[in-house]
Every structure is written in structure tokens, then in C-alpha cells.
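Reading through the C-alpha cells given below for one structure.
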Amino acid sequence: MNKEIIKINDLKREFTMGNEIVHALRGISFTINEGEFVTIMGSSGSGKSTLLNILGCLDQPTSGTYEIDNVKVKDLSRNELATIRNEKIGFIFQSYNLLARTSALENVELPLLYNSKVSTEERKERAYKALEMVGLGDRMGHTPSQLSGGQQQRVAIARSLVNNPVMILADEATGNLDTRTSYEIMSLFQELNEKGITITFVTHEPDIATFSSRTIVLKDGNIIKDYLNKDIKSAATELAALPVEDH
Amino acid sequence: MRLLNLFKIAFKAIVLNKVRTLLTMLGIIIGVAAVIAMLAIGEGSKESIRSTISSMGSNMITIRPGEDDRGPARGSGGDVQTLTLNDYEVIKEKSTLLNYITPLVNGGGQVINGANNWPSTIYGVNPEYLDIKVVGLQNGSMFTDAEVQSASKVVLLGQTVVDNIFPDGEDPIGKLIRFNSIPFKVIGVLEQKGENTFGQDQDDVVIAPFTTVQKRILAIDYLNQILASAVSEDDAPEAVTEVTEILRAQHKLLDNQNDDFSVRSMEELISTFSSTSEMLTVLLVAVAGISLLIGGIGIMNIMYVSVKERTKEIGLRMAVGGKGSDILMQFLIEAILISITGGILGVILGLSSTYFIETFLQWPTSVALYSIIISFAVCAVTGIFFGWYPARKAAALDPITALRYE
Ligand SMILES: Nc1ncnc2c1ncn2[C@@H]1O[C@H](COP(=O)(O)OP(=O)(O)O)[C@@H](O)[C@H]1O
Ligand SMILES: [Mg+2]
């Protein structure tokens with residue numbers, strides 16, 4: 001019944017730095033099912049980003065297997081990996097990574113530009129819908145410099161949604177935001193998750209993890225904990241409970 | 001569809017960097033404009049030489065005494081005495097491809113009318129001279145064959161001579177003038193021809209029967225030249241061969257002996273001068289081409305900087321599904337757009353500067369369509385060539401490395 005979106009087995013990633021080998025991932029296995037909201041926790045340097053980059057097909061493991069949506073990633077060419085990223089994955093970065101001096105709408109359209117199956121009209125329409133979904137329907141023409149950090153991250157989220165991916169991957173997506181804005185963004189992720197979107201969210205902040213349904217904790221490239229949250233907090237409720245600041 | 005998107009992306013990048021793009025284009029713009037203007041000047045001077053020479057009679061064939069030394073700026077025979085009236089008569093009798101022929105003797109001297117005198121050159125010819133040179137009369141009439149027979153002392157004057165010895169604007173026809181010490185009656189004034197390309201005043205001439213000039217002025221028994229005119233321009237080369245054969249036989253030259261005369265058609269003269277101006281054109285175009293090359297290197301330089309600067313953007317594009325080939329095409333299209341837009345602006349600048357050169361400097365110019373096509377093609381090739389390496393560099397980036405780049 002539960003569809004497996006991600007299935008990794010004994011995943012290892014080593015980096016060679018001169019004559020020293022850094023073991024960023026030391027043999028990791030887990031499965032993520034459709035509809036899960038997983039946070040990956042761990043201190044800085046524990047291998048979270050390395051893991052997420054492999055899950056996002058941006059990087060290849062040194063050994064071990066990885067299947068996304070039943071596709072074995074190991075045997076894919078550079079171009080096939082690009083297609084997987086384009087059609088199955090939505091990636092969100094800590095630093096937003098929006099194109100400067102380019103409108104929100106055009107930023108959101110970007111993944112669809114690389115998908116020849118999507119026509120111009122459909123592309124515009126889907127980009128607009130995605131922006132509306134993140135609450136920026138009225139900011140389509142704004143460029144990143146005309147948007148706040150939280151709004152920029154919303155544009156990035158819209159961009160990750162626009163290609164209807166099987167999974168969204170976020171690396172410290174709230175890392176550059178204040179608590180209030182972080183909670184707003186988390187509330188948005190919870191909304192998206194309720195609509196059935198699978199989310200894998202890297203963070204090192206324990207309070208962020210309480211909003212997810214499952215938490216995987218890494219340490220020095222190993223999984224030290226993998227548990228389901230019995231008490232999932234609502235980001236919207238937490239947000240309302242925050243002390244009101246004077247602006 | 002995909003390609004259209006890539007065009008949009010590339011176009012957007014160019015628009016976002018207007019000033020830099022324009023500065024990059026500047027090299028190409030100046031290069032293309034220079035190529036077009038230089039070729040127009042070269043082509044223009046070639047055409048003007050051709051038309052001047054043609055106006056001197058494009059069917060004309062010149063026979064000179066002495067071995068051929070092929071220099072364009074040669075005097076008329078000098079003291080070589082291998083050409084005689086007999087030669088003229090034999091050629092006239094035997095040739096089949098000539099319709100006019102005249103002997104020519106010439107000498108310098110003073111043209112005198114009372115207190116006014118003017119140094120000029122007198123040409124002794126027969127009446128066919130006018131047809132060979134394609135020159136008409138403003139006034140009066142040409143001397144007749146009978147006047148040639150009798151070595152009459154009659155002359156026709158060019159306009160420059162008229163202006164200098166009749167400064168008050170009297171009608172020279174019927175007046176008695178002297179060339180050196182010999183009196184002549186003026187019977188006609190030649191049509192004005194102006195300066196030729198070599199700066200020679202074609203109106204500074206005096207024409208008289210060759211018999212008169214040969215015997216009464218120069219006291220010689222040989223000819224300085226024989227001028228003839230081929231039946232048509234196309235027949236000129238063959239006429240040259242024919243005349244050469246006739247003269248070799250006439251001069252009893254053996255097979256191992258060189259000609260003791262030279263026969264040249266106008267066509268040869270044109271090509272002699274054209275080749276000089278062609279060399280100049282090649283030189284000008286080479287200089288212009290180098291500036292185009294520098295323009296291309298400018299594009300490569302800017303594309304390298306652009307790839308470096310936009311490494312993070314490239315990483316993002318790859319992260320959202322851009323393939324290496326998409327990135328390659330994006331930067332290649334960008335380079336080509338820059339070079340082609342530069343090319344278009346260069347053509348416009350080239351044409352307008354050609355127009356200014358023609359209008360204000362009064363240099364003859366002629367814009368050849370091929371120069372536009374060539375510089376345009378060179379632009380596109382430049383774009384591809386110099387855009388290729390930076391674009392490939394961008395395409396080969398690793399997505400993670402590119403995303404991490406600061
Ligand atoms: N490209 C790389 N080259 C060398 N070492 C790397 C590279 N990427 C990550 N590492 C190393 O791998 C380890 C895990 O890094 P990372 O996954 O970025 O940690 P986190 O995201 O949990 O802070 C660190 O020790 C880091 O220095
Ligand atoms: Mg990290």
C-alpha cells in the first residue's frame with residue numbers, strides 16, 4: 001500500500017582531500033514512503049547535506065544503492081540524472097538561490113523551461129498556481145531584491161513545486177530566517193505535506209524537527225536515531241503562540 | 001520549443017547586462033564596420049580606375065617600340081626607334097580585328113598666341129585618333145586625310161591649352177598660333193575630358209597631322225607609338241596577339257628573339273592598376289580582419305568572466321534539470337547573439353561611415369554585397385568559435401561544485 005519514494009541501502013560517500021579520505025557517509029540505509037515528512041537532524045559536519053545532495057541526484061554515492069520512485073540511480077547518465085531532477089525532485093536551498101533581477105514568476109518557471117513537454121502557456125499557468133499556493137500570487141513581478149527573506153524562500157518553494165515532483169528536498173531551508181518566519185515557512189511545508197507531498201527536510205534545529213512526522217539523526221556519517229514523532233506540533237499554532245514583536 | 005526557451009534565457013542574460021554586452025560588442029562592431037568601409041573604399045577606387053581607363057577607350061591597343069617592361073607609368077617610346085610608318089601600314093593592311101589605327105608621334109614645346117604662351121605636348125596622329133580615344137569635338141572639325149597627306153599646319157587644341165593662350169575667351173577657331181616657332185591654324189577644340197585617375201590633365205594637348213609633327217617639328221623618321229582600336233572589347237586580347245604576330249614577321253624576329261616592341265590592350269592596363277589597388281584592399285581588409293579577431297577575443301573574454309560569475313546560476317539550472325547540453329547551448333547562443341547583434345550594428349556603422357566618406361571626403365566608394373555577407377558570416381563564426389570554450393567549460397561543471405561556488 002505505502003509507496004516507497006526513496007530507498008537507500010548501505011550508502012557511502014567518501015571525499016579525497018589530498019591524501020586524506022573524509023568519510024562523509026559511512027553506510028546509511030533507510031526508506032521513505034510517499035506522504036512522509038522527514039527531518040534529517042545532526043550537528044554541523046555530520047553529513048546531512050552530503051546525504052541530501054545524493055538523494056537529490058546532484059551527487060553520486062561512492063558505494064551503496066539508491067532508488068527514487070523505483071528508478072535505480074546508480075546506472076544513470078548525467079543527462080538522465082538531469083531529467084530525474086527535473087521531473088521528480090524539488091530542491092530548496094538555505095540561500096534560496098533565486099536568479100537575481102528576475103521576476104518571481106520567471107524564477108518559478110525555471111524548471112519547466114528545461115522540460116520540453118510543457119508549453120509556454122502551461123508553464124506560465126503552473127508557475128502562477130505555484131506562487132499562489134505559497135501565498136505570493138500578488139508578487140509575481142517582484143524581483144528577489146524586492147522581496148523579504150521569507151518571501152524569497154516562498155518563491156524557492158514555489159519553484160520546487162512547479163514540476164509536481166514526487167519529493168521535495170530542503171537543505172536548512174529556514175537556516176537564514178528568524179524564528180517567526182521559520183515557523184511561517186514550516187507551516188507552509190505542513191500544508192503541502194497534508195496535500196500529500198513527500199518532504200525531506202535537513203535541519204540542525206530541534207524545534208523544527210517537532211513539526212515533522214519522522215526524524216533521522218546523523219552523527220559522523222552514521223544514523224544514530226530514526227524515529228516517528230508521536231506528538232507532531234502544528235507550526236501554525238506555535239506561530240500564534242509566539243510573543244508578538246514590535247515592528 | 002526547447003531551443004526557443006534557450007534563446008529566451010540567453011536573451012534575458014544579455015538584456016540584464018546591457019552595458020557590458022555593448023562594450024563586448026564594440027570590438028565586433030568596429031571590426032565589421034572597418035571591413036565594410038575598407039572594402040567599399042578599395043572597391044570604389046578600383047571602379048574609378050576602371051571607368052577612367054575605359055573613358056580613355058576601352059578597345060584601345062597601344063603599340064610601343066622597345067621591349068616590354070610592363071611598367072604602368074612609362075613614357076611614350078623614348079628614343080627607341082624600332083617602330084616605323086611601314087609597320088603601321090603593314091598592320092593596317094593585314095590585321096582583321098582592328099577598325100581604327102593611327103601612327104603617333106609626340107613632342108613637347110611652347111604653344112604661343114601673341115604674348116600668351118603655354119608649355120604643352122603636341123601629338124601627331126591621323127583622323128582616326130578621335131575614334132580610338134573616343135573623344136569628340138567641342139568646336140570646329142578634325143583635319144582630313146588630305147591634310148595629313150600634305151602635312152598641313154593645322155591643329156586642334158585641348159581646353160587647357162585654349163584657356164591659357166586665349167585667356168580673354170576669344171573663339172580660337174581660325175586663329176593662327178605657333179607651336180615652338182612653327183605657325184599653325186586652329187581648326188578645332190577637343191571635348192573636355194578632365195583629369196584621369198593618375199592626375200594627368202587630358203585636356204593639356206595639341207593634336208596635329210602626324211606628317212606635320214614628324215617632319216616639321218620633330219624631324220624624325222620613326223614613330224613613338226601606334227594606336228589602334230579593336231573591333232570590340234572582347235576582341236582586344238586576340239587583336240593584341242594578331243598585331244604581335246604581324247609585327248614579329250615584319251621585324252623578321254627569330255623564335256628565340258624577344259619582341260622589340262610591346263602591344264598592350266586597355267584590359268591589361270586595367271588589371272595592372274587593379275592589382276595595385278587590390279593589394280591595398282587586401283592590406284586594409286587584413287587590418288580590419290585583425291580588429292574583428294580582437295573583437296572575437298573580447299567575446300571569449302567576457303564569456304569566460306560571465307561563466308565564472310554565473311557559476312552558481314549554472315549550478316542552480318543544473319539542479320532544476322538543466323542538462324549539460326542546455327547550459328552549453330545557452331552560453332553559445334548568448335555568444336552568437338552578442339556577435340550577430342554586434343555584426344548588425346557593425347554593418348550599419350560601416351554603411352553610414354562609407355556614406356560619410358563618400359559625401360564629405362569625396363572618395364569614390366562602392367559597397368559590395370559580398371563584404372556584408374562575409375563580415376556577417378565571420379561574426380557568426382566568431383561567436384561560435386569564441387563562445388564554444390567558455391560554454392563547454394560551463395557545461396562540464398559539476399552541479400554541486402557549481403552550487404557551492406561563492
Ligand atoms: N566536496 C567535499 N569535499 C571534501 N569534503 C567534503 C565535501 N563535501 C562535504 N565534505 C565533508 O563531509 C562532511 C559532511 O559535510 P556536510 O554533509 O556538508 O555536513 P552538514 O551538512 O551535516 O553540515 C564534512 O566533514 C565535510 O567537510
Ligand atoms: Mg549542510
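The values are calculated or read from the model by the stated rules, or taken from the named source; none is laboratory data. Remember, predicted model here, so these are calculated numbers, not experimental data. Note that we place each Cβ from the backbone using ideal geometry, even for glycine, and neighbour counts take in every protein chain shown. Only protein heavy atoms, including side chains, enter the accessible area calculation; ligands, DNA and RNA are left aside. Shrake-Rupley method; radii C 1.70, N 1.55, O 1.52, S 1.80 Å.
Some observations on this one:
- Residues satisfying the stated conditions in the range A:86-97, i.e. open to solvent by less than 30 Å² (accessible area, probe 1.4 Å) and more than 16 Å from ligand 2 (Cβ to nearest atom): A:86, A:89, A:90
- When residues of the range A:176-205 are limited to those that are in contact with a strand residue (DSSP E or B) (Cβ under 9 Å, 6 or more places away or on another chain) and within 16 Å of ligand 2 (Cβ to nearest atom), the one most open to solvent (accessible area, probe 1.4 Å): A:204
- The lone criterion from (1) away from every other protein chain (no Cβ under 14 Å); (2) touching a Lys or Arg at 6+ places or on another chain (Cβ under 9 Å); (3) within 16 Å of ligand 2 (Cβ to nearest atom) left unmet by residue A:44 is number (2).
- For the range B:1-20, filtering for residues that are more than 8 Å from chain A (Cβ to nearest Cβ), closer than 17 Å to residue B:305 by Cα and open to solvent by 20 Å² or more (accessible area, probe 1.4 Å) leaves 6.
- Among the residues listed as A:51, A:58, the single one being surrounded by 13 or more Cβ atoms within 10 Å (Cβ to Cβ), within 16 Å of ligand 1 (Cβ to nearest atom) and assigned to a loop (DSSP other than H, G, I, E, B): A:58
- Of the residues contained in the range B:350-362, none is found to be away from ligand 1 (no atom under 16 Å from the Cβ), under 30 Å from residue A:59 (Cα atoms) and in the same structural domain as residue B:10 (by TED's automatic domain parsing).
- Just one of the listed residues (B:344, B:400, B:384) is within 16 Å of ligand 2 (Cβ to nearest atom) and over 27 Å from the mean Cα position of the chain (by Cα), and it is B:400.
- For residue A:64: the one exception among (1) touching a strand residue (DSSP E or B) at 6+ places or on another chain (Cβ under 8 Å); (2) open to solvent by less than 50 Å² (accessible area, probe 1.4 Å); (3) within 16 Å of ligand 2 (Cβ to nearest atom): (3)
- Qualifying position, being in a strand (DSSP E or B) and within 16 Å of ligand 1 (Cβ to nearest atom), among A:215, A:174: A:215
- Close pairs (6 angstrom Cβ cut-off, 6 or more residues apart or separate chains): within 23 Å of residue A:61 (Cα to Cα) in the range B:391-406, small (Gly, Ala, Ser) and away from ligand 1 (no atom under 11 Å from the Cβ) anywhere: B:395/B:324; B:399/B:315; B:399/B:319; B:402/B:315; B:403/B:315
- Tally of residues being assigned to a strand (DSSP E or B) and surrounded by 16 or more Cβ atoms within 10 Å (Cβ to Cβ) across the range A:32-43: 6
- Criterion: exposed (fewer than 15 other Cβ atoms within 10 Å of the Cβ) and modelled with pLDDT of 95 or more - qualifying residue of A:46, A:29: A:29
- Whichever residue in the range B:57-70 is part of a loop (DSSP other than H, G, I, E, B) and at pLDDT 70 or above and, among such residues, is nearest to residue B:234 (Cα to Cα): B:59
- Residue A:80 passes every criterion in (1) among the acidic types (Asp, Glu); (2) within 16 Å of ligand 1 (Cβ to nearest atom); (3) free of Cβ contacts under 8 Å to residues at least 12 places away in the same chain apart from (2).
- Close pairs from the range A:197-221: first more than 14 Å from chain B (Cβ to nearest Cβ), partner within 11 Å of ligand 1 (Cβ to nearest atom) and in a helix (DSSP H, G or I), Cβ under 6 Å, at least 6 apart: A:202/A:48; A:202/A:52; A:218/A:48
- Boolean, residue B:213 is open to solvent by less than 10 Å² (accessible area, probe 1.4 Å), closer than 18 Å to residue B:142 by Cβ and assigned to a helix (DSSP H, G or I): yes
- 2 or more residues touching a Cys at 6+ places or on another chain (Cβ under 9 Å) and in the same structural domain as residue B:382 (by TED's automatic domain parsing): qualifying helices (runs of 4 or more DSSP H) within the range B:235-344: B:266-309
- Of the residues making up the range A:111-124, those that are open to solvent by 70 Å² or more (accessible area, probe 1.4 Å) and part of a loop (DSSP other than H, G, I, E, B) number 1.
- Output for the range B:190-199, where each listed residue is closer than 15 Å to residue B:133 by Cα and either at pLDDT 90 or above or in a loop (DSSP other than H, G, I, E, B) (or both): B:190, B:191, B:192, B:193, B:194, B:196
- Residue, most open to solvent (accessible area, probe 1.4 Å), within the range A:161-171, restricted to residues that are more than 16 Å from ligand 1 (Cβ to nearest atom) and outside any helix (DSSP H, G or I): A:164
- Number of positions in the range B:349-381 that are within 12 Å of residue B:32 (Cα to Cα) and free of Cβ contacts under 8 Å to residues at least 12 places away in the same chain: 2
- Evaluating residue B:357 against the criteria (1) closer than 20 Å to residue B:298 by Cα; (2) modelled with pLDDT of 85 or more leaves one unmet condition, (1).
- Selection status of residue B:372, open to solvent by 10 Å² or more (accessible area, probe 1.4 Å), within 30 Å of residue B:37 (Cβ to Cβ) and either assigned by TED's automatic domain parsing to the domain that holds residue B:40 or assigned to a helix (DSSP H, G or I) (or both): yes
- One residue stands out in the range A:177-212 among those that are within 16 Å of ligand 1 (Cβ to nearest atom) and assigned to a helix (DSSP H, G or I): the one that is nearest to residue A:42 (Cα to Cα), namely A:206.
- Subset of the range A:72-85 (residues that are facing chain B (nearest Cβ under 7 Å) and surrounded by 20 or more Cβ atoms within 10 Å (Cβ to Cβ)): A:82, A:85
- Test for residue A:145: is it within 24 Å of residue B:404 (Cα to Cα), in a helix (DSSP H, G or I), open to solvent by 20 Å² or more (accessible area, probe 1.4 Å) and among the polar types (S, T, N, Q): yes
- One residue alone among A:104, A:127 is crowded, with 17+ Cβ neighbours inside 10 Å, within 14 Å of chain B (Cβ to nearest Cβ) and at pLDDT 95 or above, and that residue is A:127.
- Test: residue in the range B:21-40 that is within 14 Å of chain A (Cβ to nearest Cβ), assigned to a helix (DSSP H, G or I), in contact (Cβ under 8 Å) with a residue 60 or more places away in the chain and surrounded by fewer than 19 Cβ atoms within 10 Å (Cβ to Cβ): no
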